[in-house]
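See below for the structure under consideration.
The values are calculated or read from the model by the stated rules, or taken from the named source; none is laboratory data. Everything numeric here is computed off the predicted structure, so don't read it as measured data. No Cβ is skipped: glycine too gets one built from the backbone with ideal geometry, and neighbour counts run over all protein chains shown. We work out accessible area using only protein heavy atoms, side chains counted, and drop any ligands, DNA or RNA first. Shrake-Rupley method; radii C 1.70, N 1.55, O 1.52, S 1.80 Å.
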4 protein chains.
Amino acid sequence: ESANVFQSQRESLTQKLKDSESRNQTLEAQLSDLEQRLESSQQEQEAFRKSLRSLLELLDSKIFELNELRDTLAKLLEGS
Amino acid sequence: ESANVFQSQRESLTQKLKDSESRNQTLEAQLSDLEQRLESSQQEQEAFRKSLRSLLELLDSKIFELNELRDTLAKLLEGS
Amino acid sequence: ESANVFQSQRESLTQKLKDSESRNQTLEAQLSDLEQRLESSQQEQEAFRKSLRSLLELLDSKIFELNELRDTLAKLLEGS
Amino acid sequence: ESANVFQSQRESLTQKLKDSESRNQTLEAQLSDLEQRLESSQQEQEAFRKSLRSLLELLDSKIFELNELRDTLAKLLEGS
């Protein structure tokens, strides 16, 4: 009788442990997936920001060139 | 003797289950944290893109106004 | 005889004077016309330059606004 | 007596003719000066307009380049 109770308790614990470890694996897979998505998202954002910084430098040079054009017009008006 | 072996096995299984469930809680906390960081990152990105879209509209209007200025200069040169 | 010579000289001088005064009137008319054209040309130039100065001010404000847009983009990139 | 009258009339006409021709020379000099000023003014205006046309072409290219920059930003926003 006592042996049956022992058997039953051991099977119950073993099942719970199995379930818990299975849940662990699921969670670890989800975590790994999420970490990859976050890293991928950060890389995309970094590439996006890098493109925007190039665009900012281009905008700077266009504003500089418009300023030169403006100065040329101002000098033409002073000299005429 | 047999009772000791049973006792020992039950304690071992109970400890393993406890460890596994503790690991589960840690993983769930990490997952929840990561999901929040991902969501927060996506909200920041969305706000960033929204600001950039406003900036694009502003750039459009500035280019439009420079084109008007250009047409005014062209008409002045034709008429003079 | 002497009266005929006198008559002839007087007529010749009178004719030369008439021609010279006629030439004077033509020159004065040309001068007046040219002065009006010069004045009119200067007024047109002045109006043209005035329009160009307005255009220069407009260009200044467009460059100023592009600079503001550029600063907004720079701040977005720093803050993101 | 008649000879004196003739002498007086001839001198008077000769003086008037001299004055008129002197006035002619003055007017021709003024006319020539004005024509040169008008021509010089037209050459300056033409050079001024030529400079403005170069400036207009430069402005066209700057607007074109700002439009390219604008399209790059729009594509970045679509793609992100």
The number of residues in region B:54-80 that are of a type in the set (A, V, I, L, M, F, W, C) and open to solvent by 40 Å² or more (accessible area, probe 1.4 Å) is 2
Could you say whether any residue in region C:28-43 is more than 12 Å from chain D (Cβ to nearest Cβ), free of Cβ contacts under 8 Å to residues at least 12 places away in the same chain, among the polar types (S, T, N, Q) and in contact with a helix residue (DSSP H, G or I) (Cβ under 9 Å, 6 or more places away or on another chain)?
no
Of the listed residues (C:Leu66, C:Leu58, C:Leu27), the one being under 20 Å from B:Ser61 (Cβ atoms) and in contact with a Leu (Cβ under 6 Å, 6 or more places away or on another chain) is C:Leu58
Among the residues of region A:22-53, the number that are of a type outside the set (Gly, Ala, Ser) and open to solvent by less than 90 Å² (accessible area, probe 1.4 Å) is 14
Boolean, C:Ser51 is at the interface with another protein chain (Cβ under 9 Å from one of its Cβ atoms), within 35 Å of the chain's Cα centre (by Cα) and modelled with pLDDT under 95: no
Notebook entry, point to check: Is it fair to say C:Gln30 is part of a helix (DSSP H, G or I) and at pLDDT below 95?
Noted result: no
